[in-house]
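Read through the structure below, which is laid out as structure tokens, and then see the notes.
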Amino acid sequence: MRPIQLTEGVSWVGVIDWNCRNFHGYSQSPLGTTYNAFLVEDEKTVLLDTVEPKFKDQFFCGLKQALKGRQLDYVVVNHLEPDHAGCLEDIVKEFKPEKIICSPMGIKAMRTFFDIEGWPVIETVKSGEELCIGKRHIQFIETRMLHWPDNMITYIPEEKMAFCSDAFGQNIASSERYADEIDRAQLKKLMAEYYANIVLPYSKMVKKIVPSIMQLGIEIETLCPDHGLIFRGEEDVRFALESYLEFAEQKPAKKAVIAYDTMWQSTEKMAIAIADGLMSEGISVKVMNVKANHHSTIMSEVFDSAAVVLGSPTHNNGILPGMANLLTYMKGLRPEYKIGASFGSFGWSGECVNILSKAIGEMHMEEVTEAVKVKNRPTHDTFQDCFDLGVKVGKEIKKKWGFE
Ligand code: FEO
């Protein structure tokens, strides 16, 4: 791909994955994604990260154009996940860099991802260390568990540019390279979806790391994530940092998600009656059948919801597999401060709501009302029970978060 010069000494040498719809095998990315990599040219040339291996040919072509016949001297590996380090072995073979730089946790991951026998010198750097590359310096800030143990941010003070790996990313393939070139509300939504499905379990780290970056007093004029658009200018950089602090707080909107699976529409009819109850309390509701909505789409809605209402019929003494899939995914992402509730239909044994209640407890959600369970099909009376469950959850949302 054609490199794009960002400053006199820094070029974007990443690739655009226009048709990526399944990001990392677990999250949908309806707008595609990008794998951003950067070349810094000084007395030494330095590559910051690589790209998804299937784009190696385009990446190498762009990198060679950016190098303009110069040798690639150093490679900084901010993160070992294959969408950023996947071309490292081929970089070593084809470009023969003098040195590879990564964090102390990065070298552990590098040894297990690659056979590094015969590789160039691998230098590990800790937070606060820096590397002189001529007129410029590269400083390193480890950001362990944001979102892998090895992640780090690199900062070039002379450019006031920070390269932040997965943090602040968005899944978007576009001809634009900068965040100020797209609609702000769309940008925030993309950032939130990415956060909800990738960064959410590491919110405690976000709350520690982002303020420490702000307090270090390092001036960032350009913030370059490894996915999506680049934030340029003080206002946009502040927007990115403050958005992450806001996401990490997980303060919900006046909103509930009803996520359910259904066999013969009894549980679905219950879901709709519960939605009615919630709406009667002025709560914004998303009614999401797991067969019609990918688990990552549901999670993006759960992220800013105050309550999660889970429904499934009983099936073979358990719940339907689509709900089990959603619960596995949601538990791993550890959403906080939610109200939970459950419902479902059954034919004879009726374990569904106990299983859903157990999952609600395991996710530390506050179950504020008894589950509603109906045999075979909801009736006029049990529709009322469902409606009442929605009303109860709606009232609790307003009480807990002080909504009118
Ligand atoms: Fe974009 Fe953790 O990889």
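The values are calculated or read from the model by the stated rules, or taken from the named source; none is laboratory data. Quick caveat, the model's predicted, so the values are computed rather than measured. Cβ: placed from backbone, ideal geometry, glycine included. Neighbour counts: every protein chain shown. For the accessible areas, the whole protein counts, side chains as well, though only heavy atoms, and no ligand, DNA or RNA atoms are used. Shrake-Rupley method; radii C 1.70, N 1.55, O 1.52, S 1.80 Å.
Among the residues of region 232-250, which ones are over 17 Å from residue 193 (Cβ atoms) and outside any helix (DSSP H, G or I)?
232, 233
Please give the number of the condition residue 143 fails out of (1) polar (S, T, N, Q); (2) over 23 Å from residue 227 (Cβ atoms); (3) surrounded by 16 or more Cβ atoms within 10 Å (Cβ to Cβ).
(2)
Looking only at strands (runs of 3 or more DSSP E) that lie completely in region 100-214, which have at least 2 residues being of a type in the set (Val, Ile, Thr)?
Qualifying strands (runs of 3 or more DSSP E): 121-124, 137-142, 152-156.
Residue check, residue 340 against (1) outside any strand (DSSP E or B); (2) open to solvent by less than 10 Å² (accessible area, probe 1.4 Å); (3) under 15 Å from residue 260 (Cα atoms), all met but one. Which one?
(1)
Could you check, for region 305-320, whether at least one of its residues is in a helix (DSSP H, G or I) and buried (at least 24 other Cβ atoms within 10 Å of the Cβ)?
No: region 305-320 contains no residue that is in a helix (DSSP H, G or I) and buried (at least 24 other Cβ atoms within 10 Å of the Cβ).
Could you list all residues from region 30-81 that are touching a His at 6+ places or on another chain (Cβ under 9 Å) and not in a strand (DSSP E or B)?
Across region 30-81, the qualifying residues are 36, 37, 49, 50, 51, 52, 77, 78, 79, 81.
Restricted to region 74-97, and to residues that are without any contact (Cβ under 8 Å) to a residue 40 or more places away in the chain and charged (D, E, K, R), which residue is farthest from the ligand (Cβ to nearest atom)?
Here the answer is 96.
Answer yes or no as to whether residue 124 is open to solvent by 10 Å² or more (accessible area, probe 1.4 Å), within 16 Å of the ligand (Cβ to nearest atom) and hydroxyl-bearing (Ser, Thr, Tyr).
no
Of the residues in region 171-218, how many are touching a Leu at 6+ places or on another chain (Cβ under 8 Å) and open to solvent by 40 Å² or more (accessible area, probe 1.4 Å)?
Of the residues in that region, 6 qualify.
Looking at region 347-382, which of the residues that are hydrophobic (A, V, I, L, M, F, W, C) and in a loop (DSSP other than H, G, I, E, B) is farthest from the chain's Cα centre (by Cα)?
Per the criteria, the residue is 348.
Among what's in region 35-52 and is more than 20 Å from residue 135 (Cβ to Cβ) and out of contact with any Pro (no Cβ under 9 Å at 6 or more places or on another chain), pick the residue that is nearest to the ligand (Cβ to nearest atom).
Going through the qualifying residues, I end up with 35.
Using the structure shown, decide if residue 331 is open to solvent by 10 Å² or more (accessible area, probe 1.4 Å) and not in a strand (DSSP E or B).
Yes: the conditions hold for residue 331.
Restricting the search to region 274-290, which residues are open to solvent by 10 Å² or more (accessible area, probe 1.4 Å) and part of a helix (DSSP H, G or I)?
Across region 274-290, the qualifying residues are 276, 279, 280.
So which pairs qualify, if the first residue must be in region 23-49 and at positive phi, the second must be part of a loop (DSSP other than H, G, I, E, B) and away from the ligand (no atom under 11 Å from the Cβ), the Cβ gap must be under 7 Å, and the two must be at least 6 apart or on different chains?
32/18; 32/19; 32/20; 32/172; 32/173; 49/37; 49/77
Would you mind telling me which numbered condition in (1) open to solvent by 60 Å² or more (accessible area, probe 1.4 Å); (2) within 14 Å of the ligand (Cβ to nearest atom) residue 129 fails?
Residue 129 satisfies every listed condition except (2).
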